[in-house]
Amino acid sequence: MRRRDFVKGIVGSAVACPLSAGAQQAAMPVVGLLDQRSPDELADRLRGFRQGLRDSGFVEGQNVAIEYRWAENKLDRLPDLAADLVHRQVAVIAATSGVSPAMTAKAATTTIPVVFIVGDDPVKLGLVANLARPGGNMTGINFFSGELGAKRLELLREMVPGAKRVAVLVSPANAKYSETTINEVGPSAHSMELQIQVLKASTISEINAAFATFAGARPDALFVGHDPFFNGRRIQLVQLATRYAVPASYSSRDFAEAGGLMSYGANIADAWRQAGSYTGKLLKGAKPADLPVVQSNKFELVINSQTATMLSLTVPPSLLAIADEVIE
């Protein structure tokens, strides 16, 4: 071989290798994760999502990339964040924090597959046509937390049998969640002859202001509505409930683990795992129209006995008997 041909061969190989590597990198599918919160307190849920992807054969950084878009609890940012993911032509959008991201993703694209995680009925929300055969480009996980309000209020009343006045905290920024909470809790409270006081908070300062009202008119108990914003502020909420010595009920175990009195709802971390698994199926070519919406069928009651003792409450044997976990 002549020296000139040999050199050309080396140069050609050197050029071809980066191009080949670039082609492989470009072939790595990209998932866009859209959430209204910040990632600071979502470590367990993100682990669940990545586990679901792994169960489907995808490992972040190896054969799938994830573009994270966090709205930092500013819902007006969601449309721009969703539009950016659509512009980047991601393979799948995972709308992981309830109604607002899911509805935003629905408005942003009719072609990119979307996996949602919502606590309300996705058919009533207009996200899918049917639970068994969603149709369109959306499917996902429905964990029913928004529809368990009546049962959760009953459990709270059982924990605090002498309660007559219950404060209900909702966020008007997420109208669907607040409406569901009030519609669920109202009739149940009436049947138990409980007086309901609705408090509204959509910011950190508004949460503080809502609790400040307890100094003058302290309720017998507090019912914190299901809302992604409240989940992201669970440390603040639990600390304030402790400061004002108000027995409080929450929608997910995250609150009880943080020191909240009690929670009743679906395992949200597992819902994220299921969403990750569905995302992997879509990456493999499944059609969202053919993937039925997964509905949670197990709900867990978690009681923090230390908090109960601090509030001078005796946990009834009836609740201890049905609790999935009692935090000592």
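Just so it is clear, none of the values below were taken in a lab; they were calculated from the coordinates. Given the structure is predicted, the values throughout are model-derived calculations rather than measurements. Cβ placement follows ideal geometry from the backbone for every residue including glycine, while neighbour counts extend to all protein chains displayed.
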- Task: Note down the relative contact order for the range 177-284 as a percent, whole number, built from C-alpha pairs under 8 angstrom at least six residues apart.
- Result: 19
- Query: Do any GluC sites (Glu not before Pro) in the range 126-196 lie in a loop, going by DSSP, with at most 15 other beta-carbon atoms within 10 Å of their beta carbon, and if so which?
  - Reply: Glu193
- Under 5 Å, built H, 5+ apart or other chain: amide partners of Ala94: Gly32, Leu33, Leu34, Val115
- Item | Mean Kyte hydropathy of -1.0 or more with a Cα span along the axis of at least 20 Å, helices from DSSP in the chain | 3-27, 175-191, 268-283
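Loop only per DSSP, at most 16 neighbouring Cβ atoms within 10 Å: give me the GluC sites (Glu not before Pro) in the range 44-89, ordered by residue number.
On the way: sites: Glu60, Glu67, Glu72; in loops: Glu72.
Of the GluC sites (Glu not before Pro), the ones in loops of the range 44-89 whose Cβ has at most 16 other Cβ atoms within 10 Å are Glu72.
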- Task: Find the centroid of the Cα atoms in the range 280-328 and in the range 98-167, then give the distance between the two in whole Å.
- Result: 15
- Task: Considering only lysines 8 or more places apart in sequence, or on different chains, count the pairs in the chain whose C-alpha atoms sit under 24 Å apart.
- Result: 21
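The range 247-298: which trypsin sites (Lys or Arg not before Pro) are DSSP loop and have at most 14 other beta-carbon atoms within 10 angstrom? Don't jump to the answer; show the numbers that get you there.
On the way: sites: Arg253, Arg273, Lys281, Lys284, Lys298; in loops: Lys284, Lys298.
Answer in residue order: Lys284, Lys298.
Starting with the highest mean, order 88-101, 28-41, 233-246 by the number of other Cβ atoms within 10 Å, averaged over the residues of each peptide. Intermediate results must be reported in sequence, preceding the final value.
Values: 88-101: 24.1, 28-41: 19.7, 233-246: 17.9.
Packing proxy ranking, top to bottom: 88-101, 28-41, 233-246.
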- Task: Would you calculate, for the chain, the mean residue ellipticity at 222 nm contributed by helices, counting each DSSP H stretch of 4 or more residues as -39,500 (n - 2.57) and dividing by all residues, to the nearest 500?
- Result: -13500 deg cm²/dmol
- Restricting to the chain, compute how many DSSP beta bridges are antiparallel as a %, nearest 5. 10
- Task: Work from the charge dipole of the chain (Cβ charges, +1 for Lys and Arg, -1 for Asp and Glu, about the Cα centre) and give the residue of Leu237, Leu222, Gly276 farthest towards its positive end.
- Result: Gly276
